[in-house]
Amino acid sequence: MSARHDLHNLTLAEQAAQLAAKAVSSVELTQAALARVQAHDALGAFLSVDADVALAQAAAADARRAQGDATALLGVPIAHKDIFVTTDFASTAASKMLAGYRSPFDATVVAKLKAAGTVTLGKLNCDEFAMGSANENSAYNKVINPWDAKRIPGGSSGGSAAAVAARLVGGATGTDTGGSIRQPAALTGITGIKPTYGRCSRYGMIAFASSLDQAGPMARSAEDCALLLSAMSGFDERDATSAQRPAEDFAAALKAPRAGATADKPLQGLRIGLPKEFFGAGLAADVNGAVRAALAELEKLGATLVDVSLPRTELSIPVYYIIAPAEASSNLSRFDGVKFGHRAAQYKDLNDMYAKTRAEGFGPEVKRRIMIGAYVLSHGYYDAYYLQAQKLRRMIADDFQAAFKQCDVIAGPVTPTVARPVGSAVDPLADYLADIFTLPASLAGLPGMSVPAGFGEAGLPVGLQLIGNYWQEAALLHTAHAFQQATDWHTRAPAGF
Ligand code: GLN
């Protein structure tokens with residue numbers, strides 16, 4: 001078979017179909033992907049790549065298939081956000097603190113995807129310890145948005161988003177604490193889903209804010225996200241917050257017709273709630289336009305739009321930026337130069353070693369969050385900040401339950417604007433404020449999704465956010481799939497890719 005030059009255009013589902021039909025081998029797909037990763041190195045999406053590891057996994061996948069194994073994603077190349085620990089690659093969380101660190105075990109999500117036969121090309125760049133919204137906080141290189149080299153790809157899963165948008169890889173893992181799957185997916189025109197908290201194991205995910213962190217897939221289509229999510233989710237006894245839910249075949253659910261649906265009205269009977277707080281003054285006109293057009297399309301497909309309210313939407317910013325740093329300050333105390341990671345070369349005594357190690361190993365945003373976290377947890381301020389934030393968090397979750405009495409799915413924008421220029425954030429607060437539409441679902445632990453919904457200013461992608469009630473990932477994926485059957489936004493590739 002002569003080398004094919006179209007392989008990068010195949011979705012994961014298409015790659016899987018061609019592998020099953022023996023029209024292509026995993027080794028061929030992997031070689032093509034490795035060549036493409038190398039050719040587009042300037043994007044900064046990957047922190048590590050290992051051709052030997054990837055090709056050995058591909059050969060093993062081909063051997064499994066030759067023996068009759070027909071696992072859905074067997075032999076499909078993917079890559080992991082460098083927040084997941086892996087035995088085959090260094091795991092850095094994009095921090096100098098963990099430069100070159102090798103984990104003795106694989107994160108559960110990585111192990112599950114490996115068992116499903118996926119091939120790992122390497123590890124993807126992100127914001128340091130997943131703290132950020134622009135991938136400008138990586139201790140290594142920045143990541144470029146494939147749609148415009150002068151724009152941020154979003155964060156913190158910016159490497160995952162750029163790699164999928166540029167078609168270096170058909171799918172990738174991401175993590176979402178306050179929007180880090182949905183926001184970069186929106187800003188790069190790809191599809192991503194943050195599952196319900198507890199759906200995917202956090203074991204081996206380098207912890208940022210443990211009560212919020214959740215793994216999820218990023219790919220070009222809802223169908224591809226469904227394939228990945230089916231493989232990576234499930235109960236794990238090693239994570240005390242992992243939920244005992246039966247395994248679900250999300251790829252099958254996505255194609256199952258809704259009761260009462262017809263061929264041209266696949267969403268007949270679906271009530272979509274529009275929170276009025278998501279369509280206020282802070283929303284840019286171009287994003288509003290694309291989101292409204294997507295909602296009109298969903299109506300054409302049979303859905304009904306209803307007005308709902310999430311009255312504490314604005315409060316989600318202070319609440320999140322108290323709770324997340326509080327948990328981060330605790331989680332990051334393990335990086336002390338003793339157990340693993342960086343240790344200062346010269347120091348006077350133990351305390352000096354801790355101080356120098358942490359001063360050298362952490363970047364400015366991580367230090368800022370540790371200081372905020374230590375402050376809000378300190379004696380005397382705990383009640384005023386942390387306890388108050390936890391109470392409001394509960395009220396934000398209750399607001400969603402009130403809204404879900406009127407609708408099945410909530411929809412709105414993912415971000416207030418399209419991707420901003422690199423280096424344009426005047427201060428960290430500017431980026432914090434732009435998290436307003438992703439934080440509420442994170443605080444409530446609800447599943448949320450970003451679906452390509454058109455283009456705004458300067459031809460940059462816009463995402464439609466879908467939020468479901470607990471464990472309703474199948475409904476989100478089904479809705480997104482119906483939308484993607486009727487639109488082609490998710491099939492558009494940035495110029496040059
Ligand atoms: N932008 C948010 C933050 O900086 C969310 C990050 C995330 O989801 N990992 O914390």
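The values are calculated or read from the model by the stated rules, or taken from the named source; none is laboratory data. Here the structure is a predicted model, which is why all the values come from computation and not from measurement. Note that each Cβ is placed from the backbone with ideal geometry, even for glycine, and that neighbours are counted across all protein chains shown. Protein only, heavy atoms only, side chains kept; ligands, DNA and RNA dropped before computing areas. Shrake-Rupley method; radii C 1.70, N 1.55, O 1.52, S 1.80 Å.
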* To do: Working only within the stretch 177-212, note down all residues that are in a helix (DSSP H, G or I) and either β-branched (Val, Ile, Thr) or under 9 Å from the mean Cα position of the chain (by Cα) (or both).
  => ARG182, GLN183, PRO184, ALA185, THR188
* Asked: Do any residues in the stretch 341-355 that are touching a residue at least 24 places away in the same chain (Cβ under 8 Å) have Cβ atoms under 6 Å from those of residues that are open to solvent by less than 100 Å² (accessible area, probe 1.4 Å) and of a type in the set (A, V, I, L, M, F, W, C), where the two are at least six apart or on different chains, and which pairs are they?
  -> GLY341/MET97; GLY341/LEU98; GLY341/PHE335; HIS342/MET97
* To do: Just give me the residues in the stretch 118-149 being part of a loop (DSSP other than H, G, I, E, B) and either at pLDDT below 95 or surrounded by fewer than 24 Cβ atoms within 10 Å (Cβ to Cβ) (or both), in sequence order.
  => GLU136, ALA139, TYR140, ASN141, LYS142, ILE144, ALA149
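For the stretch 150-163, name all the residues that are in a loop (DSSP other than H, G, I, E, B), within 16 Å of the ligand (Cβ to nearest atom) and either open to solvent by 20 Å² or more (accessible area, probe 1.4 Å) or not aliphatic (A, V, I, L, M) (or both).
Residues satisfying the conditions are PRO153, GLY154, GLY155, SER156, SER157.
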* Looking for whichever is open to solvent by 30 Å² or more (accessible area, probe 1.4 Å), part of a loop (DSSP other than H, G, I, E, B) and modelled with pLDDT of 95 or more here; the options are ALA17, ALA42, ALA23, ALA35. Which one fits? => ALA23
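More than 30 Å from LEU98 (Cα to Cα), in a helix (DSSP H, G or I) and in contact (Cβ under 8 Å) with a residue 40 or more places away in the chain, is that true of GLU277?
No, not satisfied.
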* Asked: For ALA480, which of the numbered conditions (1) in contact with a strand residue (DSSP E or B) (Cβ under 8 Å, 6 or more places away or on another chain); (2) closer than 30 Å to GLN390 by Cβ; (3) small (Gly, Ala, Ser) fails to hold?
  -> (2)
* Set ALA45, ALA35: member being within 28 Å of ASN125 (Cβ to Cβ) and touching a residue at least 60 places away in the same chain (Cβ under 8 Å) -> ALA45
* Conditions (1) at pLDDT 95 or above; (2) closer than 30 Å to HIS478 by Cα; (3) open to solvent by 70 Å² or more (accessible area, probe 1.4 Å): number failed by ARG343 -> (2)
* Asked: Does the stretch 472-486 contain any residue that is more than 16 Å from the ligand (Cβ to nearest atom), assigned to a helix (DSSP H, G or I) and aromatic (Phe, Trp, Tyr)?
  -> yes
